[in-house]
Amino acid sequence: MGETRLIMAGDFFLKVFRVVRLIPEGRVTTYGHIARFLGTGRSARVVGYAMNASHNDRTVPAHRVVNRVGLLTGKHFFDGTTLMRDLLESEGIVVVEDKIQEFSSKVWDPLEHLNQDDFFESSPQ
DNA sequence: CACCTGACTGAAT
DNA sequence: AATTCAGCCAGGT
């Protein structure tokens with residue numbers, strides 16, 4: 001079970017990627033929510049760092065991760081200045097001046113929708 | 001091995 | 001209500 005450790009990328013980043021892949025279309029979550037779900041509530045900043053490292057991997061919907069008040073703080077790391085916003089708007093999210101409108105109804109908290117035990121049991125990828 | 005860097009956050013101002 | 005501060009910690013150098 002814990003033996004498959006062939007991958008070089010840090011476990012933490014991989015776990016972040018796995019959570020982000022589970023964010024439903026049209027919903028978003030925050031760096032802090034992901035950190036708390038992974039049991040490291042003080043690593044929100046590192047979650048952002050992981051998102052930066054995910055830009056090779058098209059299977060990670062990085063545009064669905066925003067800061068705790070719904071600001072698109074990571075937009076600068078997408079190609080062009082509007083890609084992050086465009087992707088969100090294509091999923092029905094309304095963004096005004098880099099801020100998601102009706103944010104509280106769009107947030108998807110992994111702690112409410114995923115089971116941590118199942119998540120940690122299941123193998124990466 | 002000892003720094004340095006931040007897609008962050010909550011508390012203090 | 002807006003802004004600044006300081007702690008945070010996985011990776012990179």
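Descriptive notes on the structure:
- Residue identified as closer than 21 Å to residue A:93 by Cβ and either of a type in the set (S, T, N, Q) or not in a helix (DSSP H, G or I) (or both) among A:32, A:26, A:39, A:48: A:26
- Identity of the residue in segment A:63-103, part of a helix (DSSP H, G or I) and within 16 Å of DNA strand C (Cβ to nearest atom), that ends up least open to solvent (accessible area, probe 1.4 Å): A:103
- When residue A:107 is tested against (1) farther than 18 Å from residue A:17 by Cα; (2) surrounded by 14 or more Cβ atoms within 10 Å (Cβ to Cβ), just one condition goes unmet, and that condition is (1).
- Some residue of segment A:58-73 being modelled with pLDDT under 95 and farther than 20 Å from residue A:114 by Cβ: yes
- Note on segment A:9-25: among residues that are within 14 Å of DNA strand C (Cβ to nearest atom) and charged (D, E, K, R), the one that is farthest from the chain's Cα centre (by Cα) is A:11.
- Residue A:25 satisfies every condition listed in (1) within 22 Å of residue A:10 (Cα to Cα); (2) touching a residue at least 24 places away in the same chain (Cβ under 8 Å); (3) open to solvent by 70 Å² or more (accessible area, probe 1.4 Å) except (1).
This table checks each residue for (1) more than 11 Å from the chain's Cα centre (by Cα); (2) among the charged types (D, E, K, R); (3) near DNA strand B (Cβ under 9 Å from one of its atoms).
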{"residue": "A:35", "(1), (2), (3)": "no, no, yes"}
{"residue": "A:38", "(1), (2), (3)": "yes, no, no"}
{"residue": "A:46", "(1), (2), (3)": "yes, no, yes"}
{"residue": "A:57", "(1), (2), (3)": "yes, yes, no"}
{"residue": "A:61", "(1), (2), (3)": "no, no, no"}
{"residue": "A:65", "(1), (2), (3)": "no, no, yes"}
{"residue": "A:71", "(1), (2), (3)": "yes, no, yes"}
{"residue": "A:78", "(1), (2), (3)": "yes, no, yes"}
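- Screening residue A:119 with (1) hydrophobic (A, V, I, L, M, F, W, C); (2) within 13 Å of DNA strand B (Cβ to nearest atom); (3) open to solvent by less than 50 Å² (accessible area, probe 1.4 Å) gives one miss only, at (2).
- Test: residue in segment A:52-60 that is out of contact with any helix residue (DSSP H, G or I) (no Cβ under 7 Å at 6 or more places or on another chain), surrounded by fewer than 20 Cβ atoms within 10 Å (Cβ to Cβ) and within 16 Å of residue A:111 (Cα to Cα): no
The values are calculated or read from the model by the stated rules, or taken from the named source; none is laboratory data. Not measured: the values here are computed from a predicted model. All Cβ positions, even for glycine, are placed from backbone atoms using ideal geometry, and neighbour counts span all protein chains on display. Surface areas here come from the heavy atoms of the whole protein model, side chains and all, with no ligands, DNA or RNA. Shrake-Rupley method; radii C 1.70, N 1.55, O 1.52, S 1.80 Å.
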